[in-house]
Amino acid sequence: MASSPVPRTSPSGLSRPEIGDVVVDWYATAARDLPWRRPGVDAWAVLVSEVMLQQTPVARVEPVWRAWLERWPTPADLAEATPAEVIRAWGKLGYPRRALRLREAAVAVVERHGGVVPAEVAALEALPGVGTYTARAVACFGYGQAHPVVDTNVRRVVARVLHGRAEAGTARAADLDDVLALTPTDPDRAVRFSVAAMELGALVCVAGTPRCGVCPVRDLCAWRLAGSPPDDGPPRRVQKFAGTDRQVRGRLLDVLRAAHHPVEAAGLDAVWDDAVQRSRCLDSLLTDGLVEQTADGLFTLPGS
DNA sequence: GAATCGTGGGA
DNA sequence: TTCCCAAGATT
C-alpha cells in the first residue's frame, strides 16, 4: 500500500484477501473495454472520467469524455477555457457544478503543480471537486498506485461479501479499512483489485437484483452464506426530482446553454410557472457561478 | 449525519 | 406509468 499501514481487518474482524484474488482473476475475463481504461490514458484523462462518472452512467459519459479531451487535452488547455464553454461542453451530464469545479481543478493543477496532475492523494483531494473517492481513483488508475478505492459499487460488494448485509449503509471512513481487508497482498494485484471490485459491483453485485448465479465469489459471500437475508436497515429515501429546484435549475440552464446571447428575465418565465421558485433557482444558479447577470440586467452563462 | 445538486434509461 | 438509481462532493 502506498498509504500508511492499516490492519488488514474490518471492524467485523474478517481478513479475507483471497476473495480479492478471485475478483481480480474474474476481472481479467469479464472487464468492459472502457476508453479511460486503455493503455496510454494519462492521469488527466482519468481525472476527467472520474469527475464525469460521479453519479452518472457510463454510457452517457463516453461521448462527452472523448469530445472534452479532444478539445482540452491537458489541464493547461482547460484552465484557459471560460465557464460558459465548459458548461456547454458538459452538455446534459447533470450536476453542472462538476464542470465548473473541473475547470477550477485544472487551474489549480497549473498553479500548484506546473500543469501536471499530482500523484499524491493529499494533493489530489485538495483539488476542487475531488474528494475521497476521486483522489484515490486517480492515484490508482492514473498512476498505478495501490490504494483502497471505494465507490458505491465497492461499498455494496463489501456489505454483502464481507458483512453479510443486503445493502451498504451510509458511507463512512471505515469503508477504506473494509476494502483493505479484501485486498490482495501483492501490490500489483491490489491495484487491479481496486478496479475489479468496482466492476463486480457494476456488472454482477448490482443494486436491485444481484446476479449471484454468475458471481465469482458466490461461495465465499457472507450474505449468500447467510441465506441472502433482506435489508434490515431503514428504507433509504428516494430522491425526488419532479417539481424540485433541481428540475427548475436544469430547465433554466438548458435555456441559457441553447441561447448564445444574454436573455431577459422574461425569456426564462416559460420554463416554470411558479415565479417564486423560478426566482429562487435563478438566484442559486447565480450564487453557484453557473449563471451571470450582465450590466444591463440580462442573464447568460458566465464569461461568454 | 442529512440535505442538496441533474438527467435519462431501464425494470 | 412510476420508481429506481448511476465511478460523489460539498455544506
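Within chain A, the longest run free of exposed loop sites, counting trypsin sites (Lys or Arg not before Pro) that sit outside DSSP helix and strand states (H, G, I, E, B) and have at most 13 other Cβ atoms within 10 Å, spans A:93-171.
Counting only Cβ charges, +1 for Lys and Arg and -1 for Asp and Glu, the dipole size of the stretch A:199-299 around its Cα centre is about 580 debye. Near A:VAL41, once Lys and Arg are set to +1 and Asp and Glu to -1 for all other residues with Cβ below 14 Å from its Cβ, the sum equals -2. The heavy atoms of A:SER279 offer some 60 square angstrom of accessible surface to a 1.4 angstrom probe.
For every helix of n ≥ 4 consecutive DSSP H residues, a contribution of -39,500 (n - 2.57) applies; sum these over chain A, divide by its total residues, and give [θ] at 222 nm rounded to the nearest 500 deg cm²/dmol.
So the helix-based figure for chain A works out to -14500 deg cm²/dmol.
Placing a label point 7 Å from the Cα of A:ASP296 along the Cα-to-Cβ direction, the residues of the stretch A:239-273 whose backbone N falls under 16 Å of that point are A:260-267. If you take all other residues with their beta carbon under 14 Å from the beta carbon of A:GLN239, and give Lys and Arg +1 and Asp and Glu -1, the sum is +3.
Applying the Karplus relation 6.51 cos²θ - 1.76 cosθ + 1.60 with θ = phi - 60° to the stretch A:269-280 yields 3J(HN,Hα) values of 4, 5, 6, 7, 6, 5, 5, 5, 5, 4, 5, 4 Hz, where x marks Gly and Pro. Taking all protein chains as shown and a probe of 1.4 angstrom, A:PHE193 keeps an accessible surface of around 10 Å². Ligands, DNA and RNA aside, A:CYS212 has an accessible area near 30 Å² when probed at 1.4 Å.
Roughly how many Å is it from the Cα centre of the stretch A:249-283 to that of the stretch A:93-118, as a whole number? Here the two parts' Cα centres lie 27 Å apart. List the residues of the stretch A:110-143 whose backbone N lies under 17 Å from a point placed 7 Å from the Cα of A:ALA171 along the Cα-to-Cβ direction. Label zone hits: A:121-141.
Multiplying the residue separation of A:SER304 and A:ASP219 by 0.36 nm and removing their Cα-Cα distance gives an extension gain of 24.9 nm. Using Cβ point charges alone (K and R +1, D and E -1), the dipole size of the stretch A:245-299 about the Cα centre works out to roughly 200 debye.
What shape does the stretch A:35-142 take by its C-alpha gyration tensor, where a ≥ b ≥ c are the square roots of the eigenvalues and a/c under 1.5 counts as rounded, a/b above b/c as prolate, and the rest as oblate? Rounded, since a/c falls under 1.5. Shape call for chain A from the C-alpha gyration tensor, a ≥ b ≥ c root eigenvalues: rounded (a/c under 1.5), prolate (a/b greater than b/c) or oblate? It is prolate, given that a/c is not under 1.5 and a/b is the larger ratio. Based on C-alpha pairs under 8 angstrom that are at least 6 apart in sequence, chain A has a relative contact order of 22 percent.
Summing charges over neighbours of A:LEU286, with a neighbour being any other residue whose Cβ is under 14 Å away from its Cβ, gives 0 when K and R count +1 and D and E count -1. Note: relative contact order over the stretch A:245-299, using C-alpha pairs below 8 Å and six or more positions apart, is 43 percent. Under the criterion of Cα pairs below 8 Å and six or more residues apart, the relative contact order for the stretch A:205-304 equals 21 percent. Between the beta carbons of A:ASP288 and A:ASP232, assuming R0 = 35 Å, the FRET efficiency works out to 0.35 to the nearest 0.05.
The values are calculated or read from the model by the stated rules, or taken from the named source; none is laboratory data. Predicted model, so just to flag it, every value in this text is computed and none were measured. All Cβ positions, even for glycine, are placed from backbone atoms using ideal geometry, and neighbour counts span all protein chains on display. What goes into the accessible areas is simple: the full protein's heavy atoms, side chains included, and nothing from ligands, DNA or RNA. Shrake-Rupley method; radii C 1.70, N 1.55, O 1.52, S 1.80 Å.
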